[in-house]
1. Conditions: (1) modelled with pLDDT under 90; (2) out of contact with any Pro (no Cβ under 9 Å at 6 or more places or on another chain); (3) exposed (fewer than 15 other Cβ atoms within 10 Å of the Cβ). Residue 158 meets all but one. Number of the miss?
2. Is there a residue in segment 88-96 that is modelled with pLDDT of 55 or more and open to solvent by 40 Å² or more (accessible area, probe 1.4 Å)?
3. Has segment 41-55 got any residue that is part of a helix (DSSP H, G or I), closer than 26 Å to residue 206 by Cβ and modelled with pLDDT under 70?
4. In segment 125-155, which residues are open to solvent by 40 Å² or more (accessible area, probe 1.4 Å), more than 26 Å from residue 66 (Cα to Cα) and modelled with pLDDT under 75?
5. Taking the condition surrounded by fewer than 14 Cβ atoms within 10 Å (Cβ to Cβ) and modelled with pLDDT of 55 or more, does residue 100 pass?
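The values are calculated or read from the model by the stated rules, or taken from the named source; none is laboratory data. On a predicted model such as this, the values are computed, not experimentally measured, just so you know. Here the Cβ positions follow ideal geometry from the backbone for every residue, glycine too, while neighbour counts run over all protein chains shown. The protein model used for the area step is the full one, side chains on, heavy atoms only, and it has no ligands, DNA or RNA in it. Shrake-Rupley method; radii C 1.70, N 1.55, O 1.52, S 1.80 Å.
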Amino acid sequence: MSSLIVIMMPGPDLVLITGLVLNGSLRVATAAALGMITAGAVQAGLGAAGLAALLAASPELFAAFRWAGALVLLGWAVLALRRFSRPAGSEGAAAGEAPSAGAAPAAPARAAAAAVMAAGPSERQAFVQGLLCTGSNPKVGIFLMAFLPQFVPAGMTPEAGVPLLAACYLALGLIWLLTWMRLVHRLARHLRSPRTLRIADGLTAVVFGVFAVRLALGG
């Protein structure tokens, strides 16, 4: 139960997935989710190998990782803010789409929304984004190494129990991300208007900015 609560807590990963579903597709968002789980697996492996303990024991090294992660999140906040700051309808103009005189009033909105979606990242780019989103936060590995050993079953050594628990934890994380993506995708047709996408970009910029500051300050 405690693992599910931790997994379902909102954070940068969930914000990134939501934005990719709204601006891209389920396949693109799934690629990002796989990148996140891959980064979690790498961090768990490095933590088991002793890197988490090294970071915990070396404030300078941990601070360097924190600042690197904060810069990644801040970069995404700036990109989201730039999308939010674009004048309404600029996406359609950039795509060279001009509505005909007899077009329905909703056509420009649909064209602009389609242009925004078409400008989304590829699956490979989304995978890298997911990898960076989770992998750039050194607290992930430290948390897993501090959290999981408490639940190693009696009679099982930590060396065997922690990797098994990490695999279960990451599997639950992937299931939650896929479930969330399906939910957002079902609601997406009501949320893909240019106005809603701008609001989503604004919220994304705020969330990534806040988490970047928190990570940089060690909060």
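1. Here residue 158 meets the rest and fails (2).
2. Within segment 88-96, the subset modelled with pLDDT of 55 or more is 88.
Now narrow it down to the ones that are open to solvent by 40 Å² or more (accessible area, probe 1.4 Å): 88.
Yes, segment 88-96 contains at least one residue that is modelled with pLDDT of 55 or more and open to solvent by 40 Å² or more (accessible area, probe 1.4 Å).
3. no
4. Answer for segment 125-155, where residues must be open to solvent by 40 Å² or more (accessible area, probe 1.4 Å), more than 26 Å from residue 66 (Cα to Cα) and modelled with pLDDT under 75: just 151.
5. Working: surrounded by fewer than 14 Cβ atoms within 10 Å (Cβ to Cβ): yes; modelled with pLDDT of 55 or more: no.
No: the conditions fail for residue 100.
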